[in-house]
Amino acid sequence: MMQESTGSLDDIFPFGEASILVFQAQGVLSNISSITDLGGFDPVWLFLVVGGVMFILGFAGCIGALRENTFLLKFFSVFLGIIFFLELTAGVLAFVFKDWIKDQLYFFINNNIRAYRDDIDLQNLIDFTQEYWQCCGAFGADDWNLNIYFNCTDSNASRERCGVPFSCCTKDPAEDVINTQCGYDARQKPEVDQQIVIYTKGCVPQFEKWLQDNLTIVAGIFIGIALLQIFGICLAQNLVSDIEAVRASW
């Protein structure tokens, strides 16, 4: 008789929970470029660049103030001003080209719908988005026809044919356990009946609605960030002026 293995997670991961988290993080980062479908560009590099810029900016401001180094303080002030200008430009362009951004978001979501079953991290991301925004697909539940498992073609032998993921289903507060099969055959029903079972609104319109409903909060956050940046620039310039005034009096 084969002896049953009694190995524990500690035997597999000798460094405990920390090593498990590291392996999970590596799995997410290794697949993130395929999740976002940015033409081979890995978004991890974007995070590295942003982190590096923040480190350099913080280092210049901190050391410049402690050591009264006017060069570092001027660098901090100019660099922060450039970032503020870029943010302002990005905001204006986003408002002007909002239709283009909507099209890109639609393209992004649909590409990820096609790869829904190909990556568990992507699957969790889409499920979280649809549950949080109470939406289904980019502009509607029929966008799931793009996925080979959920499309309604006669050649599709999948049990999920003409269905949607469970994250599209309307939630019953009385249910404690998630029914992962609640979306089966949902799109074969008339549209009136679909609205009872699943969310029929797309994630792009729902996101636009959320922005409109929370416009004051979103605008307040951006204004607050802008004011902090302007305040930092003013403090740096004021400190430079004080240092140069003291040196001129020597």
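A compact table of results
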{"read-out": "Selected residue [polar (S, T, N, Q), in a helix (DSSP H, G or I) and modelled with pLDDT under 90] from 212, 237, 229", "value": "212"}
{"read-out": "Test: residue in segment 68-87 that is farther than 30 Å from residue 183 by Cβ and among the small types (Gly, Ala, Ser)", "value": "yes"}
{"read-out": "Residue match in segment 144-155 (condition: in contact with a helix residue (DSSP H, G or I) (Cβ under 7 Å, 6 or more places away or on another chain), assigned to a helix (DSSP H, G or I) and under 24 Å from residue 209 (Cα atoms))", "value": "yes"}
{"read-out": "Filter pass, residue 46 being farther than 19 Å from residue 168 by Cα and at pLDDT 90 or above", "value": "no"}
{"read-out": "Residue satisfying all of: in segment 182-230; within 16 Å of residue 170 (Cβ to Cβ) and hydrophobic (A, V, I, L, M, F, W, C); surrounded by the fewest Cβ atoms within 10 Å (Cβ to Cβ) among these", "value": "192"}
{"read-out": "Cβ-Cβ under 8 Å pairs, at least 6 apart or on other chains, segment 107-118 side free of Cβ contacts under 8 Å to residues at least 40 places away in the same chain, far side buried (at least 17 other Cβ atoms within 10 Å of the Cβ) and assigned to a helix (DSSP H, G or I)", "value": "110/143; 110/146; 113/126; 113/143; 113/144; 113/146; 114/146; 117/123"}
{"read-out": "Close pairs from segment 173-194: first small (Gly, Ala, Ser), partner in a loop (DSSP other than H, G, I, E, B) and surrounded by 10 or more Cβ atoms within 10 Å (Cβ to Cβ), Cβ under 8 Å, at least 6 apart", "value": "183/160; 183/163; 183/164; 183/165; 186/162; 186/163; 186/164"}
{"read-out": "In segment 75-97, the residues that are farther than 30 Å from residue 65 by Cα and surrounded by 11 or more Cβ atoms within 10 Å (Cβ to Cβ)", "value": "91, 93, 94, 97"}
{"read-out": "Scope segment 76-110; condition closer than 19 Å to residue 201 by Cβ and among the hydroxyl-bearing types (Ser, Thr, Tyr); matching residues", "value": "106"}
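The values are calculated or read from the model by the stated rules, or taken from the named source; none is laboratory data. Quick caveat: nothing in here was measured; it's all calculated off a predicted structure. Neighbour counts are summed over all protein chains in view; Cβ atoms, including those assigned to glycine, are modelled from backbone coordinates with ideal geometry.
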